[in-house]
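A.B. asks: Sharing a structure, written as C-alpha cells. Questions coming.
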C-alpha cells in the first residue's frame, strides 16, 4: 500500500475513532439518539435496549476506526469498513429525503449536523474509502507491533466505555453543560399542585438532584441521596429533588404525601439532558450550573466544605480544566499508541 492510500485509511479511521469516542463518552445520550432512529424506522419495540445497542455500535465503530489507524487486518478492514459506510450512506440518504426533525448523532452532542451535512460527510468518507482500498490489492502488511498497539487501544476503549457507563461524560456538550445560565436555557419543573416553580433554581446555592427513572432508584441509592441532601441543606444549599413522574403517580406509589413538598416534577428527557446519571446531582449558584455528579459519586461533607472555600467560578473552572485535560489526554494517548508504536 503506497503512502497516499495509507494516509486516506488513517484519515478515515480517525473520523470513525473520534465519532465513536464521543458517543462512548456519553452512552445515555447515544441511547437517546438511538431512540429517535427506532421511532423513525418504526422499531419502537427495540427502545428498551437502545442504550445497550447504541453503546455496542459506538464501541464497534471506535474499534474499527482504531484498527484503520493502526492499519491491521487490512483486507478484512476494507470489507468491514466498506459495509459500515454503505449502511451509513443508505440511512443518511433516507433521512435526507424524509427530512425528519432529528439529529444524526454522528458525533454525539459535540457536533450537530443537518441531514444534508451528514450525507455530504458520509460521501466524503466513501470517497476516502475508495482512495484507500481500490484497487483491492497490494494492501500491504503492517508491522507486528501494530497488532500490539491496536490491542492496547482496544482494551483502553472498552475500559473507557465501562467508566462512562458508571459516571457522567468527561466533556458535557448538552444545553445544560456547566457554565450555563438557566435564565437563558430554561429548566422547567412544577410542584405537587402542578404549578411551575422554575425560579427556585435561580437564586442562591442550589443542590438539584434529578431522577429520570425514579423507579430504578434502589434503597442504597436513596440512602446516599438522602445523606447528601441532608448535608447540602446543613451547608446552606436549597435542595430540589426533580423526578420524571407526576404527583398522582408518586402518591399511588405509597410515598408519604408530606414529602411531596420537597419533590418536584419535570420531563424525562429534560432531566436526562440535565444530568446523564439517574439520581445524579447538579450544583447551581445564582442560576448558573457549576458542577455535576453521578449518583455513584455524590459529594460528602468534605466535598461541600471544599466547595464552600472557593468561589463558584473557581469550582467551575477547576472541574472543566480537569475533565478537558483527562479527555484530551486519553485521546492523545490513543493516537500515540496507534500511530507511533
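A.B. asks: If residue 186 satisfies every condition in (1) free of Cβ contacts under 8 Å to residues at least 24 places away in the same chain; (2) closer than 24 Å to residue 267 by Cβ; (3) in a helix (DSSP H, G or I) but one, which is the exception?
C.D. replies: Result: residue 186 passes all but (3).
A.B. asks: Looking at the structure I just gave you, is residue 32 over 15 Å from the mean Cα position of the chain (by Cα) and in a helix (DSSP H, G or I)?
C.D. replies: Considered against the rule, which asks whether it is over 15 Å from the mean Cα position of the chain (by Cα) and in a helix (DSSP H, G or I), residue 32 comes out as no.
A.B. asks: Right, something else. Please specify each residue of the stretch 193-246 satisfying the condition of being under 22 Å from residue 312 (Cβ atoms) and part of a helix (DSSP H, G or I).
C.D. replies: 198, 199, 200, 201, 228, 229, 230, 231, 232, 233, 234
A.B. asks: Restricted to the stretch 1-29, and to residues that are farther than 30 Å from residue 323 by Cβ and either within 12 Å of the chain's Cα centre (by Cα) or not in a helix (DSSP H, G or I) (or both), which residue is modelled with the lowest pLDDT?
C.D. replies: By that ranking, first place goes to 1.
A.B. asks: Right, something else. Name the one entry in 271, 316 that is crowded, with 18+ Cβ neighbours inside 10 Å, out of contact with any helix residue (DSSP H, G or I) (no Cβ under 7 Å at 6 or more places or on another chain) and not assigned by TED's automatic domain parsing to the domain that holds residue 221.
C.D. replies: So the residue among 271, 316 that is crowded, with 18+ Cβ neighbours inside 10 Å, out of contact with any helix residue (DSSP H, G or I) (no Cβ under 7 Å at 6 or more places or on another chain) and not assigned by TED's automatic domain parsing to the domain that holds residue 221 is 316.
A.B. asks: Now for a different question. Within the stretch 313-341, how many residues are within 20 Å of residue 238 (Cα to Cα) and without any contact (Cβ under 8 Å) to a residue 40 or more places away in the chain?
C.D. replies: Selection size over the stretch 313-341: 2.
A.B. asks: Please determine whether any residue of the stretch 119-129 is free of Cβ contacts under 8 Å to residues at least 12 places away in the same chain and more than 24 Å from residue 72 (Cα to Cα).
C.D. replies: yes
A.B. asks: Also, quick follow-up: Determine whether the stretch 61-82 contains at least one residue that is surrounded by 20 or more Cβ atoms within 10 Å (Cβ to Cβ), within 17 Å of the chain's Cα centre (by Cα) and modelled with pLDDT of 95 or more.
C.D. replies: yes
A.B. asks: Yes or no: residue 82 closer than 30 Å to residue 295 by Cα and either in contact (Cβ under 8 Å) with a residue 40 or more places away in the chain or touching a helix residue (DSSP H, G or I) at 6+ places or on another chain (Cβ under 8 Å) (or both)?
C.D. replies: So residue 82 fails the test.
A.B. asks: Please give the helices (runs of 4 or more DSSP H) falling wholly within the stretch 262-341 in which 2 or more residues are touching a strand residue (DSSP E or B) at 6+ places or on another chain (Cβ under 8 Å).
C.D. replies: 268-274, 312-340
A.B. asks: On to the next question. Would you mind stating whether residue 72 is part of a helix (DSSP H, G or I) and within 24 Å of residue 154 (Cα to Cα)?
C.D. replies: no
A.B. asks: Oh, and also: Could you list, in sequence order, the residues of the stretch 93-118 that are part of a helix (DSSP H, G or I) and touching a residue at least 60 places away in the same chain (Cβ under 8 Å)?
C.D. replies: If the condition is that a residue be part of a helix (DSSP H, G or I) and touching a residue at least 60 places away in the same chain (Cβ under 8 Å), then no residue fits.
The values are calculated or read from the model by the stated rules, or taken from the named source; none is laboratory data. What you are looking at is a predicted structure, and each value in this text was computed from that prediction instead of being measured. When we count neighbours, we look across all protein chains shown, and the Cβ atoms used for this are built from the backbone with ideal geometry, even at glycine.
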